[in-house]
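For reference, the structure discussed in these notes is given below.
The values are calculated or read from the model by the stated rules, or taken from the named source; none is laboratory data. Please read all numbers here as calculations on a predicted model, not as lab measurements. Cβ placement follows ideal geometry from the backbone for every residue including glycine, while neighbour counts extend to all protein chains displayed. These area figures cover heavy atoms from the full protein model, side chains too; ligands, DNA and RNA do not enter into them. Shrake-Rupley method; radii C 1.70, N 1.55, O 1.52, S 1.80 Å.
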There are 2 protein chains.
Amino acid sequence: MLSPAIENLVAQLTRLPGVGTRTAHRLAFHLLRTPTDEALALAAALREAKERVRFCADCGNWTEEEICEICRDARRDRSVLCVVEQPADVMSLERTHEYRGLYHVLGGALSPLDGVDPEDLRMDDLFRRVDSNGIGEVVLATNPNTTGEATASFIADRLRGRVRVTRLASGLPVGGDLEYADEVTLGRALSGRREV
Amino acid sequence: MLSPAIENLVAQLTRLPGVGTRTAHRLAFHLLRTPTDEALALAAALREAKERVRFCADCGNWTEEEICEICRDARRDRSVLCVVEQPADVMSLERTHEYRGLYHVLGGALSPLDGVDPEDLRMDDLFRRVDSNGIGEVVLATNPNTTGEATASFIADRLRGRVRVTRLASGLPVGGDLEYADEVTLGRALSGRREV
């Protein structure tokens with residue numbers, strides 16, 4: 001019913017996360033109504049990002065340089081390494097302003113069932129960095145889900161005795177409600193309780 | 001904190017309807033993780049749609065030809081004209097499979113406060129079509145909101161006596177609940193009640 005060019009745009013938009021057919025249509029119709037230069041600015045931004053952005057040779061974060069801004073920053077504490085799954089996680093942690101060390105982006109989490117083994121992630125790089133760079137602490141900040149926990153355990157096992165290894169605390173989200181907390185989270189909050 | 005290319009992509013994505021900063025970040029991160037050819041397919045689809053899609057010379061619907069598929073379809077009833085605000089509305093009506101006439105897309109609704117006057121819409125084209133093409137009925141299918149109703153009234157006034165003018169029924173949405181219907185909708189459902 002729609003012209004092939006519109007159908008194709010809708011199909012491409014549907015591949016985005018959280019975008020169903022209805023949303024894809026709404027987005028496509030919006031883009032068709034938008035002045036051409038504005039709509040093409042989105043296409044250009046996407047092309048440019050895909051061309052320019054690559055992985056930092058040190059930590060695996062996104063950057064347009066050889067080494068990312070965080071790794072180049074002389075004020076960062078080079079004795080602490082925070083291990084995350086994705087570059088997006090670096091941004092989440094940076095937003096807290098609580099962490100001043102360096103990062104190591106694995107590029108995913110271990111998941112043998114999906115065919116993600118240690119050699120598919122930046123694991124060897126991690127162990128090399130820990131051994132060579134005077135790292136005193138490794139903070140495991142993989143996601144608190146099955147694959148993230150498995151990844152954290154795997155790394156902790158490998159690093160035991162070589163360096164101090166810590167894990168992000170699990171517990172109740174701030175502003176949350178005891179009543180709505182699932183039992184696993186509440187159990188973790190209980191076992192991880194702290195002296196006040 | 002992010003590289004300029006990513007920031008720019010996020011900024012462009014934020015201009016899409018219903019996309020806030022958080023969603024824009026999620027979409028941008030997804031696109032960065034996506035294989036380059038898939039991500040560029042979206043940019044290409046967008047560029048192509050903006051280049052190829054234009055307005056049908058007859059009805060104002062989107063098309064890649066001079067005249068759209070609906071206007072070219074010999075099986076459509078050429079004596080009925082359905083007036084809608086946007087090309088997207090044509091698709092909504094086509095999905096019902098209840099309408100077999102032609103369309104006329106205004107390109108918006110009258111809204112003097114926003115500076116949208118009759119000459120900013122395809123009004124003259126509409127009146128010309130009604131006068132010249134043996135139209136027996138004009139179905140007003142502008143949105144059932146303030147500007148849509150004002151637009152419908154304006155057209156009905158102009159066409160009175162020249163042609164049969166009808167308006168889409170207002171009332172309770174099918175599958176809806178009397179309890180949750182607003183009083184205006186319920187009032188319309190009442191005043192528009194039909195013999196069973």
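Results, tabulated for the structure shown:
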| read-out | value |
| --- | --- |
| Which listed residue is closer than 22 Å to B:D89 by Cβ and either hydrophobic (A, V, I, L, M, F, W, C) or touching a Gly at 6+ places or on another chain (Cβ under 9 Å) (or both), from B:T166, B:T151 | B:T151 |
| So A:R22, is it over 17 Å from the mean Cα position of the chain (by Cα) and open to solvent by 20 Å² or more (accessible area, probe 1.4 Å) | yes |
| Per-region count, region A:49-62, residues under 12 Å from A:P87 (Cα atoms) and open to solvent by less than 10 Å² (accessible area, probe 1.4 Å) | 3 |
| Scope region A:50-73; condition more than 10 Å from every other protein chain (Cβ to nearest Cβ) and farther than 18 Å from B:L31 by Cα; matching residues | A:A57, A:D58, A:C59, A:E66, A:I67, A:C71, A:R72, A:D73 |
| Matching residues in region A:97-136 - criterion: being among the acidic types (D, E) and free of Cβ contacts under 8 Å to residues at least 40 places away in the same chain | A:E98, A:D114, A:D117, A:E119, A:D120, A:D124, A:D131 |
| Residue in region B:156-169 that is over 24 Å from B:G101 (Cα atoms), surrounded by 10 or more Cβ atoms within 10 Å (Cβ to Cβ) and in contact with a strand residue (DSSP E or B) (Cβ under 6 Å, 6 or more places away or on another chain) present | no |
| Looking only at region B:75-92, and only at residues there that are among the charged types (D, E, K, R) and farther than 20 Å from A:F29 by Cβ, the one that is least open to solvent (accessible area, probe 1.4 Å) | B:R76 |
| Odd one out for A:L46 among (1) open to solvent by less than 20 Å² (accessible area, probe 1.4 Å); (2) assigned to a loop (DSSP other than H, G, I, E, B); (3) within 8 Å of chain B (Cβ to nearest Cβ); (4) hydrophobic (A, V, I, L, M, F, W, C) | (2) |
| Yes/no for A:R72 being open to solvent by 70 Å² or more (accessible area, probe 1.4 Å), of a type in the set (D, E, K, R) and more than 19 Å from A:R129 (Cβ to Cβ) | no |
| Selected residue (only one of B:R122, B:R95, B:R128 is exposed (fewer than 15 other Cβ atoms within 10 Å of the Cβ), away from chain A (no Cβ under 14 Å) and of a type in the set (K, R)) | B:R128 |
